[in-house]
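One structure is given below, encoded as structure tokens.
The values are calculated or read from the model by the stated rules, or taken from the named source; none is laboratory data. Bear in mind that the values here come from a model prediction, so they are computed numbers and not experimental data. Counting neighbours? That spans all protein chains shown, and the Cβs are built from the backbone with ideal geometry, glycine included. Surface areas here come from the heavy atoms of the whole protein model, side chains and all, with no ligands, DNA or RNA. Shrake-Rupley method; radii C 1.70, N 1.55, O 1.52, S 1.80 Å.
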Amino acid sequence: MTETGGRPLYRKRVMLLGATGTIGRAAAQALLDDGHEVVCLVRPGAKNLPDGAVLRSCQVTNPHALRSDGFREEPFDVLVSCLASRTGTSEDAWAIDHVAHVAALAEARRAGVRHMVLLSAICVQKPKLAFQHAKLAFEKVLAESGLEYSIVRPTAYFKSMSGQIARVREGKPFLLFGDGRLTATKPISDADLGRYLALCIRDPALRGILPIGGPGPAFTPREQAGWLFEMLGQPPRYRSVPVAMLDAIAGTLSALGAVSPKLRAKAELARIGRYYATESMLVWNDSSGRYDAHSTPSFGIETLRDHYAAIIAGAPQQDLGAHRVF
């Protein structure tokens, strides 16, 4: 449905936070493809954003900068946020996942925004970590704000499941927690997730809490490893990492963290690793007390196998950062 001249009737003026990340870039492109006007708040010198996006340098953790450099007293229809803490440690998580979002929401309301699309995470269903509690705290603020909201909780990202391609290619064993069958997920690609975030604007049914995964059935890390060995023509080789070892590391770092902030942060990172080693990234069913693949919605067209095949064929791989090993 379009207006005269081909402009979509649902065209909105969108403020996008977190546009420089891989998912943020995908969201920016999807929003532009849908015909929206997209203003991105970015760090100075940010590059490689889609053509057509308006870039504004702004320190999003500074409420005054959000007003003067970001929103600039201009009207907007929708706030979309792909902003997230980089490390997940307590200080970083509360500063970004909560405080910065609260400030951005306040400015968005002043700018006339009536709908917010928030990228969250499915792991907040069973919160045990600082970043999960920070995300949930802002979700509560948003839900009570009076705005329409779409809180998108994706299962897992391809980036977080690509850290062992180089290991296997070099003939090294695939590292598994336990026997590799402790968890399962159905990850979603950046491009598909970007399109889903954009769809939340034009589909009024996509409101509230929205768990979302990629296409196809759920699979375990051991199944994931099997695909990789097959695609690379390597005989399967596995090395088991006991979960108890993660517990020991986290416990030791926590004790030492009582006297060292740096070690306290490392302890939180160890707890994050332990969480992902033992919890499935699927919808949690309270009635059965189990993760439920069948209740986890699917969206998109790209599978992790497609992603692996592209990288093995020579496609550039994203900088893995904290995902370099696992």
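Here are some notes:
- Computed with a 1.4 Å probe on the full set of protein chains, the accessible area for R67 sits at about 100 Å².
- For the chain, the membrane-span-like helix rule (DSSP H, alpha carbon extent of at least 15 Å along the helix axis, mean Kyte-Doolittle at least -1.0) picks out 22-33, 130-143, 190-202, 221-232, 243-256, 261-278; this says nothing about an actual membrane.
- Listed by chain and number, the lysines placed with their C-alpha closer than 19 angstrom to that of K126 are K135, K140, K186; residues fewer than eight positions away on the same chain are left out.
- Candidate residues M231, M116, M161: accessible-area rank, largest first, probe 1.4 Å: M231, M161, M116
- Contour excess over end-to-end distance, with Cα ends at S287 and Y10 and 0.36 nm allotted per residue: 95.8 nm
- Reachable lysines from K266, criterion Cα separation under 18 angstrom, eight or more residues apart if same chain: K128
- Accessible carbon and sulfur surface of the chain relative to its total accessible area, %, 1.4 Å: 54
- Taking every DSSP beta bridge that has both ends in region 78-235, the antiparallel portion is near 5%.
- Size of charge dipole - region 237-316 - debye, nearest 20, with Cβ of Lys, Arg +1 and Asp, Glu -1, no other charges: 460
- Dipole magnitude of region 1-142, debye to nearest 20 (Cβ charges: Lys/Arg +1, Asp/Glu -1, about Cα centre): 220
- Whole-angstrom gap from region 69-90 to region 165-189, using each part's C-alpha centre: 33
- Think of a 1.4 Å ball rolled over the protein heavy atoms: the chain then has 48 Å² of accessible area per residue.
- Heavy-atom accessible area, probed at 1.4 angstrom with all protein chains present, ranks E139, E230, E91, E223 as E91, E230, E223, E139, highest first.
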